[in-house]
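The values are calculated or read from the model by the stated rules, or taken from the named source; none is laboratory data. Keep in mind that what you see is a predicted model, and the values were worked out from it rather than measured. When we count neighbours, we look across all protein chains shown, and the Cβ atoms used for this are built from the backbone with ideal geometry, even at glycine. When the accessible area is computed, the model is the full protein with side chains, heavy atoms only, and any ligands, DNA or RNA have been set aside. Shrake-Rupley method; radii C 1.70, N 1.55, O 1.52, S 1.80 Å.
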Amino acid sequence: MKHSNEDIDLLELLLLLWDGKWIIIVFVLIAILSGGAIYLLDKDDIKIEEPIYQSNLIYSVNSLSSVIRTDNDAYLNYENLISDFQNIFLSKDIFNQWKNNNNQSQITYENISNFKSIDGIIFKKDERDSFVNFEVLDGYNNIIVKTSKITLISEILSYTNFVSDKLTSQLVLTLKDEKELLSKKIKEYFTISPEINVSTFTNKMFLIDKYINAINKGQKVINIVDVSEPIHLNKQQNNPKKLSYTKLAGYAVLGALLGSFLIFVRNAIRLRNKKIVDV
């Protein structure tokens, strides 16, 4: 039985590849190892982000504030004290006072401000873009600090204490004015009617003195309860890159093609040399 030329050529081709199978195997292995190494070492697809740290400064209102407060004392209302504290914190004048005493600080007013300027237009910052945010978490008041420089957290803590001192000083002045007003009322009522009961006024004055005395001993209107350990928000995971089987198969096919091409070239050179010798 005779074979056609195509059958003979195909058979010779298969035999040729089989004879050079080790060359093909070597090229396949080289291609897989080289391609895999390049893929695993390639960092172009890895986005290196600037580290962002978050720390929470938990603060509370001095409990004495509620003890001496009456319904008419809006300045001692819990919500008002929190609001006053935040307003002072965000005050440019207050910040500049602190900055003058801490000129080495890297914090700027633009860092803590709730607003930003774009082409001369003022916009309110998104919380994600803010250096500091005020939030209530699990019933506790928090100043949430997000920064790429972990050292700035201690500077914010310093500024927070400065703000607390300012609020405390303002409240002391208000309490002293209140005490003076109560003293005048006592004298006025006692002059008009000596038998009138002024115990309510005297008790309030006593509590004011108690509060001011506590402040003189170091207490503040706003106390920093805790500072959480900084958390690295965008920490890169050190998980090794995984090479897919599809890409491995692609590298193997590429290696096999290169090996086969080398075999064909080598065979073509051999045949050409043979013809030259025969001639």
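The calculated FRET efficiency for Val136 paired with Asn101, based on their beta-carbon distance and R0 = 35 Å, is about 0.70. Quote the Stokes-Einstein diffusion coefficient, in whole µm² s⁻¹, for region 181-235, based on the Kirkwood radius over alpha carbon pairs, a temperature of 4 °C and a viscosity of 1.567 mPa s. After rounding, the answer is 87 µm²/s. Between Phe206 and Val253, residue separation times 0.36 nm minus the direct Cα-Cα distance comes to 7.8 nm. Placing pseudo-labels 7 Å out from each Cα toward the beta carbon at Asn87 and Ala268 gives an inter-label distance of 8.8 nm. In this simple spin-label model, placing a label point 7 Å from the Cα along the Cα-to-Cβ direction at both Ser34 and Ile150 gives a separation of 4.3 nm. The heavy atoms of Tyr189 present about 80 square angstrom of accessible area, all protein chains included, probe 1.4 Å. Assuming R0 = 35 Å, what is the FRET efficiency of Asn216 and Glu188, from their Cβ-Cβ distance, to the nearest 0.05? That pair, Asn216 with Glu188, gives E of 0.75. These residues, Ile30, Ile23, Ile192, go from largest to smallest accessible area, 1.4 Å probe, as Ile192, Ile30, Ile23.
One chain, two ends: Glu79 and Glu12. Fully extended at 0.36 nm per residue, the span grows by 14.9 nm beyond their Cα-Cα distance. Accessible surface ranking for Val26, Val172, Val163, 1.4 angstrom probe, highest first: Val26, Val172, Val163. Residues of region 75-101 with amide nitrogen under 17 Å from the 7 Å Cα-to-Cβ point of Leu181? Output list for this probe position: 75-78, 80-81.
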